[in-house]
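Here the structure comes first, spelled out in structure tokens, and everything after it is commentary.
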Amino acid sequence: MSDLYVNQRLTIPSSELAISAARSSGPGGQNVNKVNSKITLRWSPEKCTAIDPGWRNRFIARHANRITKDGELVLHSERYRDQPRNLADARFRLVEMLLECREPAKKRKKTRPTLGSKRRRKEAKTKLSQKKQSRRQSFGD
């Protein structure tokens, strides 16, 4: 198996990825009972030396629910009927997960509502209030 190329800054060595195969529950009829087409990919982000510490911390924080107590990320793929396509799918999903937390989140800039939006909000409130007042019936007059 080859190294996992994520981008120019990160390539995960194949020695850090553990892959196992099992029988899939997906489509395939009798083929499912005979062939180990399900792929389980295991990777420990805490032990990875190639990844930047900030990137690693963002990844662990974002995907903490998918990381086991041992510190391993476990990905299963049984979408396809053959093992190589499931392996490619699991590797692709790991790359996608890594790329989505590559950059830190942008800090929100505090903004204030414009005078026009304040005016429109007040006008909408008075319009609604007038509509409701017009529905009232007066019995005492």
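Of note:
- Residue in segment 32-50 that is within 27 Å of Pro104 (Cα to Cα) and loosely packed, with under 12 Cβ neighbours inside 10 Å present: yes
- A single entry from Leu128, Leu87 fulfils the requirement of being under 39 Å from the mean Cα position of the chain (by Cα) and either part of a helix (DSSP H, G or I) or closer than 30 Å to Trp43 by Cβ (or both): Leu87.
- Checking Pro104, Pro53 one by one, the residue that is of a type outside the set (Phe, Trp, Tyr) and either touching a residue at least 12 places away in the same chain (Cβ under 8 Å) or on the phi > 0 side of the Ramachandran plot (or both) is Pro104 and no other.
- Some residue of segment 54-71 being touching a Phe, Trp or Tyr at 6+ places or on another chain (Cβ under 8 Å) and assigned to a loop (DSSP other than H, G, I, E, B): no
- Count of segment 52-83 residues, restricted to those that are closer than 19 Å to Met1 by Cβ and either touching a strand residue (DSSP E or B) at 6+ places or on another chain (Cβ under 9 Å) or crowded, with 18+ Cβ neighbours inside 10 Å (or both), is 9.
Every residue, every condition in (1) at pLDDT below 90; (2) more than 17 Å from Leu75 (Cα to Cα); (3) hydroxyl-bearing (Ser, Thr, Tyr); (4) touching a Gly at 6+ places or on another chain (Cβ under 6 Å), yes or no:
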site: Leu4; (1), (2), (3), (4): yes, no, no, no
site: Ser20; (1), (2), (3), (4): no, no, yes, no
site: Arg23; (1), (2), (3), (4): yes, no, no, no
site: Gly26; (1), (2), (3), (4): yes, no, no, no
site: Asn33; (1), (2), (3), (4): yes, yes, no, no
site: Ile39; (1), (2), (3), (4): no, no, no, no
site: Ser44; (1), (2), (3), (4): no, no, yes, yes
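The values are calculated or read from the model by the stated rules, or taken from the named source; none is laboratory data. This one's a predicted model, so the numbers in the text were calculated from it and none came from an experiment. Methodologically, a virtual Cβ is constructed for each residue, glycine included, from the backbone with ideal geometry; neighbour enumeration extends over all protein chains shown.
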